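Reviewing the structure listed below.
Here, each number is a calculation from the coordinates, and none is a lab measurement. What you see is a predicted model; the values in this text were computed from it and never measured. Glycine also receives a Cβ, built like all others from the backbone with ideal geometry; neighbour counts cover every protein chain displayed.
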């Protein structure tokens, strides 16, 4: 990596999510190169989070704010002071000017908590699409097909709260003083720094959590209170069945449940019902099993770049089944219905 890394140029784009993958890697390498770099990064991140709220302010005292930032960094090396102050001024110019001329930033939801204005925003991945995002605290999240993740633009409270509908893998930034909470409807997850996969598709009638590392506490929502129902260990899967209000814990191979972030679809002695559930999410299709007995068939395979039809052909070769594909009809708004696939005994 070049010695004179131009973090002044890349930091604004990093926080706004507009860097290329190569630039993101370069920024991560620079951040991890020294404690000094990490300190500059954290200070810059706090400033960025604060500037996200400028649009909600009536007035803003730029000289006073610059003085405060300068005071906080006066103990830093000379180059760090100059770079960070210059970076602050540049971001302020970029963000405040559009506010002054009437520009607006749109978010999905806003609310007041403990006297602070907390602006919530939502990341949505359309059906059949996967994405990766970084939250304000540094937590990395991978979002699977048809997923919504809501979170505040800044974590002001003593807890870091997010809400998930769909499937996501979390690599949570460690912060023991500020627990990370995931709202999954009837179930809440609390961690301080760990890696886990969570599935919460409303139409499936169940919530799943698979813990890859660290610790997870599961809470059940009862009226306005959370009741601790289980503490998970690495290598465990928790399944909460909505209709029965019950939780089961199982020992599992975590890689099977987290490989989707690397583009792999893994089945290991899975019943056909589970295979169909994953294929429906993965390809945004509607597969239906016409004969109930097929649901108990066991299947083992690993897929990476295959199409849904190629996977169905492989299933057909190894199981006494056949399938029919019904193309989706075009709707009045120009979109198409999901492709329907019927699986029957041969």
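The figures follow:
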| quantity | calculated |
| --- | --- |
| Cα convex hull volume per residue for segment 222-346 (Å³) | 175 |
| FRET efficiency estimate (nearest 0.05) - Cβ-Cβ, residue 124 to residue 335, R0 22 angstrom | 0.90 |
| Ascending count of other beta-carbon atoms within 10 Å, so fewest first, for 321, 40 | 321, 40 |
| Two-site label geometry, residue 186 and residue 345: point separation in nm, points 7 Å out along Cα→Cβ | 3.3 |
| Stokes-Einstein D (µm²/s) once Rh is taken as the Kirkwood radius of segment 109-256 over alpha-carbon pairs, at 37 °C in 0.692 mPa s | 211 |
| Gyration tensor (alpha-carbon) shape descriptor, segment 304-344, a/c threshold 1.5 | oblate |
| Pair residue 291, residue 318: separation of 7 Å Cα→Cβ label points (nm) | 1.9 |
| Label-point separation, residue 225 to residue 175 (7 Å along Cα→Cβ), nm | 2.8 |
| Burial ordering of 159, 130, fewest other beta-carbon atoms within 10 Å first | 159, 130 |
| Extension gain, residue 156 back to residue 215 (0.36 nm per residue minus Cα-Cα distance, nm) | 18.9 nm |
| Computed lengthening from residue 28 to residue 206, 0.36 nm per intervening residue step minus Cα-Cα distance | 60.4 nm |
